[in-house]
Amino acid sequence: MTIYYVNSVTGANTNAGTSEDAPFASFSAVESLKLQPGDSVLLAAGSVFNDQLDLKYSGTVDAPITIGSYGVGDAPVIHSPNDGIHSLYASNIVIENITISDTAGAAIYGGYVSNWTVRNVEVDHTGLSKSGSITFRTGSNITIENSTINDVNGDGIWIEKINGVTLLNNTVTNAHGTAADAVQLNDSKNIVISGNTFDQTGAVTPKGVLTLVRPVDAVIEGNTIIGGGFGISAQAGTNVAIHDNDISGYGGYSWSYAVGLGDQGDTRNYDISGNYIHDGVWGVSVSAAGTTTYVREGIDIYGNLFDDLTQAALKVDRPASGSFHDNFIASDVTPYSISPSIIAAGTFPVSDNTTIEEGGITLASADSLVATDASISLVSDTGLTSHDGLKLSLDNTASDKAGDHLDNPIGENGVSDGTLLLRHFGKAALEKQGLTLGNGDHGPTIEAADLAGPENGNGIFHHETAPQPLHHWPADGPIVSILQDSMLH
């Protein structure tokens, strides 16, 4: 296991390259080596390299080849008239602690590769001649974590035909282009996307934020997703869990949605829960652009919070089976818009959703909603004033991680043992008109007696709370439990 040092300022390609005192000067010296498993190529802090680094050799699972940095100062920078780092058929590679910017092509391109980890990498202003930022095509086990991608042309992250994708705690902002998403994954499986911030509010003509085309076994959890024409597009997939994300600021089109599915192929087994969906157009949209018949089944939507939407929290206008229950919907948001034929078929029932009204904390149950044949949507009570103060504050329960919900779609963020749990909502807790649930110091459980009123109360209930000073939640989000006469509300 050899460490090679490269310093663009003090190095020389005639050096041995095996010590900080005798480093190489450029990538050409590195590419002339036959790197072995466990070898490292370290770039000097403050160095700038104006060329593409080609990786031709593989490490092993226990001894990967590492591209990193050494020394004190700014991270080394790769500029390139081509890709920043390019590789075909190399496996077991780690790239860490460097910056890649102003490349004509992708920052990192890997084709037919496996077991790559990209961590603590900053990508800025790449894809200047051809679109690209971080791109992997065909392979397995790709991890991108704790990295920053900004101001790129084309998709921020593009992954295609990869078995095993993990995106953790990254920030992707401003992926530019009419076909550009912050992140796009095509025909991949065993996917975990957790703890990331994807923000397209400053992008030039963006398409959307997160696109998954035909995903299989995917968890999208605890992310902040902002802007774009849509939040999460997972149109055709199998076993997809979308949990505890904060999705906002999307729009620009009449069809814009926070979560969209049902187009481009069959859709099976979706668990959409615990998300805070706000400041957009549609909430969850089960729809299609054309009339092609697809399977849309097993779509469970529950425990989400919908606020400040110009259209309904739920849209279902193509044949589908599923349920929409135990959600929290601001009083100025239309709860749902469902085609009359689907209502008549009874394949997508709506029940036990709670309306959050303005002025104090007032919860009104909307149990077992029954629509007539003439009903397409349930509209909020027009007598209620607009709701404009619902906000969320910090919740740091990040320990609930990815695989927890696939085998148990009704997990701790949903319905269990007759108790509705309202948690997370994009790392946040309820605040409204300067009011909060609880005293601002802890994430409280609000018992049924506090919310439901008299012990013998039935039907719609209201509980008024006197105004209190605004508090910020330092840690856990609230848990709201609503249980009345052994019935969930």
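For the range 191-213, name all the residues that are modelled with pLDDT of 95 or more, surrounded by fewer than 18 Cβ atoms within 10 Å (Cβ to Cβ) and of a type outside the set (Ser, Thr, Tyr).
Val213
Filter the range 168-180 down to residues that are in a strand (DSSP E or B) and either of a type in the set (Val, Ile, Thr) or within 12 Å of the chain's Cα centre (by Cα) (or both) and give me whichever is surrounded by the most Cβ atoms within 10 Å (Cβ to Cβ).
My answer is Val172.
May I ask you to verify whether Asp367 is modelled with pLDDT under 50 and over 24 Å from the mean Cα position of the chain (by Cα)?
yes
Of these, Ser91, Ser8, Ser114, Ser58, which one is crowded, with 18+ Cβ neighbours inside 10 Å and within 24 Å of Thr148 (Cβ to Cβ)? Let's see the steps before the verdict.
Numbers: Ser91 fails: within 24 Å of Thr148 (Cβ to Cβ); Ser114 fails: within 24 Å of Thr148 (Cβ to Cβ); Ser58 fails: within 24 Å of Thr148 (Cβ to Cβ).
Checking each option against the conditions leaves just Ser8.
Considering only residues that are over 15 Å from Asn353 (Cα atoms) and either at pLDDT below 95 or crowded, with 21+ Cβ neighbours inside 10 Å (or both), which ones fall in the range 278-289? Give the steps one after another, and end with the answer.
Initial filter on the range 278-289 (over 15 Å from Asn353 (Cα atoms)): 278-282, 285-289.
Within the range 278-289, His278, Gly280, Val281, Trp282, Ser285, Val286, Ser287, Ala288, Ala289 meet the criteria.
Tell me, yes or no, whether the range 290-308 has at least one residue that is of a type in the set (Asp, Glu), in a strand (DSSP E or B) and crowded, with 24+ Cβ neighbours inside 10 Å.
Scanning the range 290-308 turns up at least one residue that is of a type in the set (Asp, Glu), in a strand (DSSP E or B) and crowded, with 24+ Cβ neighbours inside 10 Å.
Which of (1) over 36 Å from the mean Cα position of the chain (by Cα); (2) open to solvent by 40 Å² or more (accessible area, probe 1.4 Å); (3) modelled with pLDDT of 95 or more does Ala25 not meet, given it meets every other one?
Every condition holds for Ala25 apart from (2).
For the range 159-167, does any single residue satisfy the condition of being under 22 Å from Ile277 (Cα atoms), open to solvent by less than 20 Å² (accessible area, probe 1.4 Å) and touching a residue at least 24 places away in the same chain (Cβ under 8 Å)?
yes
So which strands (runs of 3 or more DSSP E) are wholly in the range 46-99 and hold at least 2 residues that are in contact with a strand residue (DSSP E or B) (Cβ under 7 Å, 6 or more places away or on another chain) and more than 18 Å from Val152 (Cβ to Cβ)? Outline the logic, then answer.
Values: elements: 48-50, 53-55, 65-70, 77-80, 85-88, 91-96.
Here the list reads 48-50, 53-55, 65-70, 85-88, 91-96.
Output the number of the condition that Asp102 fails; it satisfies all remaining conditions of (1) of a type in the set (Asp, Glu); (2) at negative phi; (3) surrounded by fewer than 22 Cβ atoms within 10 Å (Cβ to Cβ).
Going through (1) of a type in the set (Asp, Glu); (2) at negative phi; (3) surrounded by fewer than 22 Cβ atoms within 10 Å (Cβ to Cβ) one by one, Asp102 breaks only (2).
Could you please find all residues in the range 105-146 being closer than 20 Å to Asn169 by Cβ, among the hydrophobic types (A, V, I, L, M, F, W, C) and assigned to a strand (DSSP E or B)?
Across the range 105-146, the qualifying residues are Ile108, Trp116, Val118, Val123, Ile134, Phe136, Ile142, Ile144.
The values are calculated or read from the model by the stated rules, or taken from the named source; none is laboratory data. As the structure is a prediction and not an experimental result, all values here were calculated from the model. Cβ sites come from the backbone with ideal geometry, for glycine too, and all protein chains shown count toward neighbours. Ligands, DNA and RNA are stripped out before the accessible areas are found, and what is left, the full protein with its side chains, is counted by its heavy atoms. Shrake-Rupley method; radii C 1.70, N 1.55, O 1.52, S 1.80 Å.
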